[in-house]
Amino acid sequence: MATTLVVRHLSFSHPGAAEPLFDDVDCSLPAGWTALLGDNGCGKTTLARIVCGLLTPTRGSVSPAPSTVVSAYCEQECTREPANLEEFRDDWSAPSVTLRDTLGIGDDWPYRFATLSGGERKRLQVACALFANPDVLVLDEPTNHVDTATREAIAHAMREFNGIGVLVSHDVELIDATCAQCIMFERRHVRGHNRTVLERYAGGYTKAQQTRALRRAEVADQLEAAQHAQQSIAQAQERRRAMMDAATARKHGGWKIDRLDHDARNSGTRSRRTRRAPPHTARSAVGWRRRSVRSSPSQRTPSGTTARLQWTSSLRRAGSRRMWTPVCCGSTAARRPAVGQLCPNWSWRDGIGVHRPYQAHRQAARVPAYACRA
């Protein structure tokens, strides 16, 4: 006789169904009674029929195979006579008599099955299933529409069974009185899909519900702790980012590159929107203006104009002004006199700074050189 029934990666789909009834479920059914709990239509009866070998799964396995063990299945309806009713009727051995006494079956019941009440038919159905001495016995809603005496008789007979029992029922009292474990069919969001999973709980229905509530509370606490930790990490990152921005501002002397301004970060240009000038500092402020004048044909440059830059310098408080000038226009030479320096390539004559390499050429062409007045 098998002591444990193991279900591995079991899947089942009804013909033409869009999705499987359950997919990749695992469970273990030890000796004793196991209750299958869940909403109507979740697959409890289907799993019970697969365990008995009455249905073939789409995928997965049951070990040991149903074909190698003796199985009995008591369906919910009891309108049909059990297959072994005549054998049970003609057997008067000690086990058969004990079973009749346990379920309170009359001697004439097997002869008039059609005239029995619903409760009497259910007792006789369970008796015939137990009489076969199966390794695996499945009872599908055995206490529906029966009286209290019948429920107690069925519970007593179930406790006397020593094989692997599977009970599909919503009867809380019967489950608490007979079952050692419960397997609940639950719908969960797994890998982006709503799937049916099997959760095992020790004890009867009442104990299983208590354990389930504790597990849910624990999962809720873990989720809350994870969310709190995530918020703490986000706050720490924000503080770190603020510290780095402050350090960057100090490093650039009051100018800070906006962390969202990628062009400025790549080119080294500081964002004007986040400018912070140190107060009360005296710097050289140099301003310029460009004036283009038309020259005579003999005095024109290759571009057709002669550019003359007039510079003014002064000392001001607050920040320094920047000079945005064309290349090779003489702006560097204009700044150096303001601070008492002169480029070696420049010479002074009558207050005019002239660039030496181009002095002879410009004098020969009679074109005024770029000049700066100090």
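Which of the residues spanning the stretch 1-37 are of a type in the set (A, V, I, L, M), in contact (Cβ under 8 Å) with a residue 60 or more places away in the chain and surrounded by 14 or more Cβ atoms within 10 Å (Cβ to Cβ)?
If the condition is that a residue be of a type in the set (A, V, I, L, M), in contact (Cβ under 8 Å) with a residue 60 or more places away in the chain and surrounded by 14 or more Cβ atoms within 10 Å (Cβ to Cβ), then A2, L5, L21, V25, L29, A31, A35, L36, L37 are the ones that fit.
For the stretch 48-105, give me each residue that is free of Cβ contacts under 8 Å to residues at least 40 places away in the same chain and under 43 Å from the mean Cα position of the chain (by Cα).
Answer for the stretch 48-105, where residues must be free of Cβ contacts under 8 Å to residues at least 40 places away in the same chain and under 43 Å from the mean Cα position of the chain (by Cα): G53, L54, T56, A65, S67, T68.
Would you please list the contacts, defined by Cβ atoms under 6 Å and residues six or more apart or on different chains, that run from a residue in the stretch 123-138 that is without any contact (Cβ under 8 Å) to a residue 24 or more places away in the chain to a residue that is buried (at least 24 other Cβ atoms within 10 Å of the Cβ)?
Pairs that qualify, where the first residue is without any contact (Cβ under 8 Å) to a residue 24 or more places away in the chain and the partner is buried (at least 24 other Cβ atoms within 10 Å of the Cβ): there are none.
Of the numbered conditions (1) outside any loop (DSSP other than H, G, I, E, B); (2) under 20 Å from P30 (Cα atoms), E152 fails exactly one; give the number of that condition.
(2)
Confirm whether A208 is surrounded by 12 or more Cβ atoms within 10 Å (Cβ to Cβ), of a type in the set (G, A, S), at pLDDT 90 or above and assigned to a helix (DSSP H, G or I).
The answer is yes for A208.
In the stretch 14-45, which residue that is at pLDDT 90 or above and polar (S, T, N, Q) is farthest from R159 (Cα to Cα)?
T45
For V138, state whether it is at pLDDT 90 or above and touching a helix residue (DSSP H, G or I) at 6+ places or on another chain (Cβ under 8 Å).
yes
I'm trying to understand the selection: among the residues of the stretch 131-145, which are more than 25 Å from M184 (Cα to Cα) and not in a helix (DSSP H, G or I)?
A132, N133
Given the conditions (1) among the basic types (K, R); (2) closer than 26 Å to G41 by Cβ; (3) at pLDDT 90 or above, which single one is not true for R188?
Tallying (1) among the basic types (K, R); (2) closer than 26 Å to G41 by Cβ; (3) at pLDDT 90 or above, R188 fails exactly one: (3).
The values are calculated or read from the model by the stated rules, or taken from the named source; none is laboratory data. Predicted, not measured: the structure shown is a model, and the values here were computed from it. Glycine gets a Cβ as well: all are built from the backbone with ideal geometry, and neighbour counts include every protein chain shown.
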